[in-house]
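So the structure is just underneath, and the comments pick up after that.
The values are calculated or read from the model by the stated rules, or taken from the named source; none is laboratory data. Note that the structure is predicted; figures quoted are calculated from it, not measured. Glycine gets a Cβ as well: all are built from the backbone with ideal geometry, and neighbour counts include every protein chain shown. Accessible surface is based on the protein model in full, side chains and every heavy atom, while ligands, DNA and RNA are left aside. Shrake-Rupley method; radii C 1.70, N 1.55, O 1.52, S 1.80 Å.
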Amino acid sequence: MQPSRRGYLGLCGVAGAVAVAGCTGALPDDLVSGDAVDGGAGESGPTESESGSEPAGDPVADDASLRVTLTVDETWTLFESRHVERVGPVETGRNGMPYLALRLTDEGVEAATETAVAADLGERYEDAEIAVIADGEKLNRFGVAQPLARSIVDGEWDGAFRMTFESEASAESFRETLVTGSG
């Protein structure tokens, strides 16, 4: 029997499924935000594309509930599940932690860029917090590195978003939730 969505989300919260902020893998170390707002292991956040190839993975279910917010004085929606073009397979990063790569649609990149500009993220990145919310529950929150904030505001970010998990099982379960929706 598959665990309930609430049970899974509780597991994610307890296990610290989604980790700290910044960029991973494809970006130089100076683009990674080293300060987690809400503990965890590994890294999560927007990244630059790792290749110019077609995005791999599966589409997000129409009824999947994912919202990523940006808070700088007030809270803005950075993107939602409808803005996610593809959910990649669970992979293992250089740090040994499993991760799930999301690719935003052009509309999602545009929405995130407009939000970042409106929130003055380029100048206020030190005050910024990004939160990942699934099924109405905040899974984690993290800060933003200055070079990353600048790339989003300048329209240079391509919509790659990486979420790192404590375990492969947590990553697979979260991926399944996004791909199949609430069933």
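General remarks:
- Filter result (surrounded by fewer than 22 Cβ atoms within 10 Å (Cβ to Cβ) and within 12 Å of residue 56 (Cβ to Cβ)) within segment 80-89: 85, 86, 88, 89
- Flag if residue 74 is over 20 Å from residue 59 (Cα atoms), open to solvent by 50 Å² or more (accessible area, probe 1.4 Å) and over 14 Å from the mean Cα position of the chain (by Cα): yes
- If only residues of segment 99-134 that are closer than 22 Å to residue 164 by Cα and over 15 Å from the mean Cα position of the chain (by Cα) are counted, the one that is most open to solvent (accessible area, probe 1.4 Å) is 126.
- Annotation: residue 159 fulfils all but one of (1) open to solvent by 30 Å² or more (accessible area, probe 1.4 Å); (2) at pLDDT 90 or above; (3) more than 22 Å from residue 74 (Cα to Cα); the unmet one is (1).
- Note on segment 114-131: residues that are in contact (Cβ under 8 Å) with a residue 40 or more places away in the chain and over 13 Å from residue 154 (Cα atoms) amount to 7.
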